[in-house]
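Where a number appears in this text, it was derived from the coordinates with a stated rule and is not lab data. Worth saying up front: this structure is predicted, and the values here are computed from it rather than measured. Glycine gets a Cβ as well: all are built from the backbone with ideal geometry, and neighbour counts include every protein chain shown.
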Amino acid sequence: MSVRGIRGAITVAANESKLILDAAEELVKGIVEVNGIAAEDVACVYITVTQDLDAAFPAKAIRELDGWEYVPLMCSVEIPVEGSLERCIRFMVLVNTDLNQHEMRHVYLGGAQVLRPDLLQNR
């Protein structure tokens, strides 16, 4: 068994708590679904948000999902690079799995699809 990383990102329409929490839940559920993983498989989740999203911690939505209360979650702010995608939440989900790295399915939703179109082909 190895630890593998799964990337994910999603954009939100506005800096509103409900939108941020709903987007975080949608993204984690999408990652779980396409990769066939359970919360018990997850070593941890690193979450970043762009500086324009400060109305809620995305981790709050994940902690409220069944089975996710003990998964280590950490939120931080993305590096503010000029011209980068706005209102974006990014995940790095580290999972314990027997799958190879190329078998991991990365999930990019909404406006975040522009970040890694090469990885969308693998879905």
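Key figures for this structure:
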{"read-out": "Environment charge at residue 16 (Cβ cut-off 13 Å; Lys +1, Arg +1, Asp -1, Glu -1)", "value": "-1"}
{"read-out": "Projected-area mean, the chain, by convex hull of Cα positions, square nanometres", "value": "7.0 nm²"}
{"read-out": "Mean Cα-pair separation over length for the chain, i.e. relative contact order, pairs under 8 Å, 6 or more apart, %", "value": "43 percent"}
{"read-out": "92, 104, 1 arranged by Cβ crowding within 10 Å, fewest neighbours leading", "value": "1, 92, 104"}
